[in-house]
Amino acid sequence: MNILSIDANNWVAQGLSALLTSRHDQILTCVSIGDARRALTYQHVDILVVELKTEEDNIETIYDFLRLTQILYPQMRIVIFTEITDAALLNFFVNTLSSIAILKKSSSLASIKRFFALPMESVAKMPMRSAAGSLSPQEFKMLKWFSQYSSQQEIAFKLRLNNKTISHYKRSIYMKLYCKNNVHFHDCLKRYGFNSMN
């Protein structure tokens with residue numbers, strides 16, 4: 001089985017290599033989505049393992065890449081391996097992408113190993129959605145805008161929306177991500193790979 005891992009520091013690939021030593025799997029590593037696109041063009045891949053954020057790519061870039069990958073390679077199993085625990089964000093990925101699996105970096109080694117041994121049909125049937133709410137597609141898109149502009153008025157002007165609409169999106173996102181204030185919200189955006197304007 002060929003496994004392609006997208007992680008900037010190679011820790012995921014090293015961990016998978018050590019974990020799956022008894023099997024005859026080939027583990028390839030890419031630093032960025034650009035590298036992964038090139039690798040997928042020339043190499044057959046059975047499982048794609050991606051972090052929600054790398055040093056070079058934010059969650060929006062990764063989401064767009066995963067949507068395209070599912071269209072181009074529908075037989076490929078996609079595993080999101082993350083330390084992000086925000087249920088609303090993870091539910092967004094589960095609800096909008098088909099047949100993906102989300103594994104937390106805090107998962108036990110035994111559960112990770114079991115997961116990689118499962119046949120694809122079993123993975124597709126695994127319930128992954130939590131009881132928490134989910135970001136809507138529009139709220140997900142708004143994350144980038146909130147990270148790039150310091151005021152809601154600027155965002156409203158750029159998107160040609162009413163300031164109250166932007167305010168509504170922000171309140172809804174705050175509630176779903178359990179953000180207490182702007183500082184906490186911008187910490188979340190940084191965790192997601194967005195560079196906030198200061």
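What the table shows:
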read-out: Of residues in region 137-156 being hydroxyl-bearing (S, T, Y) and open to solvent by less than 40 Å² (accessible area, probe 1.4 Å), the one farthest from Y63 (Cα to Cα); value: S151
read-out: Test: V94 is modelled with pLDDT under 85 and out of contact with any helix residue (DSSP H, G or I) (no Cβ under 6 Å at 6 or more places or on another chain); value: no
read-out: Test: residue in region 64-74 that is hydrophobic (A, V, I, L, M, F, W, C), buried (at least 17 other Cβ atoms within 10 Å of the Cβ) and farther than 20 Å from P137 by Cα; value: no
read-out: Residue, most open to solvent (accessible area, probe 1.4 Å), within region 157-198, restricted to residues that are in a helix (DSSP H, G or I) and of a type in the set (A, V, I, L, M); value: M175
read-out: Looking only at region 81-93, and only at residues there that are among the aliphatic types (A, V, I, L, M) and within 10 Å of the chain's Cα centre (by Cα), the one that is surrounded by the most Cβ atoms within 10 Å (Cβ to Cβ); value: L89
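The values are calculated or read from the model by the stated rules, or taken from the named source; none is laboratory data. Everything quoted here is computed from the prediction, not taken from an experiment. Neighbour counts run over all protein chains shown; Cβ positions are idealised from the backbone, glycine included. For the accessible areas, the whole protein counts, side chains as well, though only heavy atoms, and no ligand, DNA or RNA atoms are used. Shrake-Rupley method; radii C 1.70, N 1.55, O 1.52, S 1.80 Å.
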